[in-house]
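Here is the structure we will look at.
The values are calculated or read from the model by the stated rules, or taken from the named source; none is laboratory data. Please read all numbers here as calculations on a predicted model, not as lab measurements. No Cβ is skipped: glycine too gets one built from the backbone with ideal geometry, and neighbour counts run over all protein chains shown. Calculation scope for accessible area: heavy atoms of the full protein, side chains included, ligands and nucleic acids excluded. Shrake-Rupley method; radii C 1.70, N 1.55, O 1.52, S 1.80 Å.
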Amino acid sequence: MLYSQLIQLSLNDTVMGCSGLLLLGFVLNIAHCLEILGPDRDPNLEIPHSLTAVLGEDAYLSCRYLGEKEIERAQWKHQIKSKRLRLAGFSDGKAFSRDDFSNPASLTNLTVKMKVSSVEVEGQYICEFETKEEVFSDSLFLTVVARPDVQILVNAETINGSHYQSVSCSAVGGRPVPQISWLVDGRPPSDYPYTVNVSETAHSNSTSTLSSILRFPTHLQKEDSVICLVQHPTLPNPKLTTARVETYTRPNVTVKAEMVQRGGSEFWVVSCISSGGRPDTDISLALNTDEELQREYSTDTDTQTSSVLLPATVYEGRNVTCVFGHPKFTHKVSRVITLPSFYLSEELGSNRDDFQKPKSLELQEGQSDTVISLQVTGNVPHYNVTCKKDDGPLPKGVELVGSSSLTVQGPVEHQHAGLYECVFSYHQLNATLKFNVTVKPHVTQPVPPTVRVDLQTEDGYRVIECSAADAVPAANMSWLLPEGVSGVSWFNFTSHNGSHSVKGVLLLPACTPLELTAECVINHPAFEEPVNRSITLPLCARPHIAINSSTEWKDGDEYTKVDCSVDSVAPAATITWHAGNGDSISSVRVSLSEMEVQADGLVSARSSAHFLSSLYSGQNVTCRVEHPSLEAPQKRTIHILVHKAPVLSVSVVRQDSHLWLAVCDCRGEGVRNNLAWVLPENAKGQTSLHSTYEGRVIKARLTYQFPLAYHEGQDLTCVYHFGNGATEKKTIHIPRYYISALRVLNHTTPLQSRYSGETIAHRLSLQENHHNQRVLLRVDGNVPEYNINCRRSDGSFVQMDGVAMVFQPALTEQEEGLYTCQASFYHHTATVNIQVEVASKDKHIALAAMICVSSALAILVILAVTLWVCCKVNGRTQYKKQESLSALTSLMQEPGSPGVKKPAVTENDVKEYTQLISYSIVIDVKSTV
């Protein structure tokens, strides 16, 4: 019973499987027939197959009727799932349109403007023209893309003491997904120290946002800007957005000390200074002390100052260290300053014994307005002075004025004589000055002297003689000169018959810059007031100073010669040369001519400076003249023009041949032909150098001709070598190009290889007897331009219109065949094979009908054979029922091998059973148009 059920189930499954296969074959046949008839588009309509629109902008749906029949109604419809929504058109002679569409142009021209307000408008749009007899319709597929909005943001953070910056670039609301890349100094960032994280966010309106974050440590970033490059089909060119980022600058660090006075005490202010650095410098001040010190910190625009207040007497002679830390320093930088040690000593002594030996000072009895100067040497900021006489206080009438002198008020008396001791002190420092004062007694009735003054000129000096003769006692003589004027003087004393004479001689320069008066001052007891005799010296003629310059070129270098001449009274003027801010000129040949004495008594001095112009380019060269007739040195300045460096420029030119040309132009004064190309090792091109002169300006052009394949994606550098070993460089990058594919934009069917499965050609169907049919091509790659040529299989060329293969005359079956198109840019090429077929509508319909009829007949025959086989198998099943059930029962109940227990089977039974289990139905429906 169980075996019977199994056999019945197997038969039912077989029948159902056969029926299913037949039904599947019939459906496939009908679908194939529809596929054959479907791709043929109505020749009476002109409509694009597809259209791409940008979200938020306007798109134009174009459809035109080219036939001759009268159109009654025309309309656009939008296919939304199984429904068609009317959009715009003409009905009953009146135009109509929905909100986002404009009215069509005419009954035969349904071109409308459509506002693309959302991504949901993407889909299939059907154009229909109705006449009284028939309806003409075709469709296009509208694809919606969205232009992204580029946003860039810079953030900074500090992690474990290191400063990092993150530049976020987002392309918001793009469709399809945009592409983002980065440029640092014109190149993609390297893996170190840059990291790039990319994330994508999908939005409910079918757009998406792509975000890329470029992160790097600030102290390793040398460029002050990075560029975000966004690529998208809606952008004709990649969009470049620049973000300014922070960079670090190495600071200048110094240390200085200055003394201040606070609360009556002196302090050293030691300052650690950092200037011009970014970010702020970490400043610390090291002292070997545990006491709390007063510290100050200040900062302005670009300077940081950390100061400490140190007692001057405690820290004299000690070292103070400033320690500076900055990200630009590989290790901390130290600056040390040593505070000075104070000393104090009286001026007249040269050793310790001299300090203890008193000096002698003689005063005249009755002398008035007497001042005794007290002087010490040292570096202390100030000192205290105490004086005493004979280990007691100062006598009446003697006072200490300030800290530098003792003044005797009134006439000198005998009580003023004695041993004076003055002590100078500053904290623990002391210096002692001792001097013995003696008073010379008053003499008898004084006799006034005879005073006479004389002036002479000798050997370039003015000699002034002043005499006070025949006086009792001897007169006291001195010279009084204007402030800042000094001279050489001496005095001679003589005595005769108890009277005394004194003669003073004063030597002054014969030439002075100002009119001055020298006074001879004579003091004598017979005079109530000092007697003055004065002589006025006239002004000295000022020198005439002239300066001029000239230039000359030698061995391609410009030299400047500056002449400075001075005509003056004797003596000759002194000429020195200086440049810039007063520095003495170096690397200069200076020639000084011999002094010349002119007929009018004047003397001339000449000096010339000869130097390389580039050494002092843009600076002032000064002739400095010193002469006794001048109050201050006179200067005459010549400005040296800026020595401009040669100007380099590089470019690359694509030539008509397969070669490229790299051009390096150099222009400048005194330029040598020191141009050279720095090329990669595989350089095989040809270089040439050409120079022209325009006065002192030289134009040099160095060219390098090379095949693109040798240097594609590499840098070519032009170098100018200066005479001093310096160089000037300019680099140009040769782009790396590629052509990834040459594509056919018309509707095609791929023809694949039987063995590899690769596409070897694209089948394209064109209409017979149609004029000006085009096959549109597109080149995928980054080449700036390209050439496209197409050939037939016999090698003849096909007419091209830009990127389209054009068949201008009416097409016939002779135009069928294999066409090969190639796009090329120098050594970059891409090829596509196109199998062109020419079909007429009548032939197409007839062939499709034959295939459909033959396929239907084949299916009916197979169906009849299958039903006969199924019925035959069913009859044999009843005959074998009992025997099969017995065999199955014995197999289940008795042990042993099924081969031993099964009953014998006849040869006919075996054949029929074999036919049942081996029979299969294969339906292969093939057709070729």
- Item | Nearest-10 value in Å² for the accessible area of HIS721, using the 1.4 Å probe | 80 Å²
- Query: Stretch SER341-VAL521 to full length: gain in nm at 0.36 nm per residue minus the Cα-Cα span?
  - Reply: 60.3 nm
- Carbon/sulfur fraction of accessible area - the range 222-301, other protein chains in place, 1.4 Å, %: 43 percent
- Message: What would the Debye equation give as log₁₀ I(q)/I(0) for the range 484-571 at q = 0.11, 0.16, 0.25 Å⁻¹, counting only Cα atoms as equal point scatterers?
- Response: -0.59, -0.87, -1.27
- Note on the structure: Taking a ≥ b ≥ c as the square roots of the eigenvalues of the Cα gyration tensor, with a/c under 1.5 meaning rounded and otherwise prolate when a/b exceeds b/c and oblate if not, the range 784-829 is oblate
- Query: Which aspartates and glutamates, on any chain, are close to LYS872 with Cα under 15 Å apart, when same-chain ones fewer than 8 places away are left out?
  - Reply: ASP909, GLU912
- Shape metrics for the range 139-188, restricted to C-alpha atoms - Rg then Dmax, Å: 17.3, 65
- Message: Can you order the peptides 260-270, 828-838 by their average number of other Cβ atoms within 10 Å per residue, highest first?
- Response: 828-838, 260-270
- Item | Whole-Å semi-axes of the ellipsoid equivalent to the range 75-166 (Cα gyration tensor, √5λ, descending) | 50, 13, 9
- Restraint check, LYS561/LYS729; LYS239/LYS729; LYS222/LYS684; LYS396/LYS434, Cα-Cα greater than 24 Å: LYS561/LYS729; LYS239/LYS729; LYS222/LYS684
- Item | Globularity index of the range 366-478, i.e. its alpha-carbon radius of gyration over 2.2 N^0.38 Å | 1.50
- Under the classification rounded if a/c is under 1.5, otherwise prolate if a/b is larger than b/c and oblate if not, where does the range 424-554 fall, given a ≥ b ≥ c as square roots of the Cα gyration tensor eigenvalues? oblate
- Within the range 774-869, report the trypsin sites (Lys or Arg not before Pro) that DSSP leaves as loop and that have at most 13 other Cβ atoms within 10 Å. none
- Quick one: in the range 618-750, what % of C-alpha pairs are over 22 Å apart? 58 percent
- Can you list, largest first and rounded to whole Å, the semi-axes you get for the range 737-850 by taking the square root of 5 times each eigenvalue of its Cα gyration tensor? 27, 18, 11
- Pairs of Cα atoms farther than 21 Å apart, the range 152-256, %: 42 percent
- In units of 2.2 N^0.38 Å, the Cα radius of gyration of the range 244-326 is 1.24
- Hey, if we sort ASP665, ASP302, ASP369 by accessible area with the 1.4 Å probe, largest down, what's the order? ASP369, ASP302, ASP665
- Note on the structure: With a 19 Å threshold on alpha-carbon distance, the violating pairs from LYS328/LYS730; LYS554/LYS644; LYS644/LYS730 are LYS328/LYS730
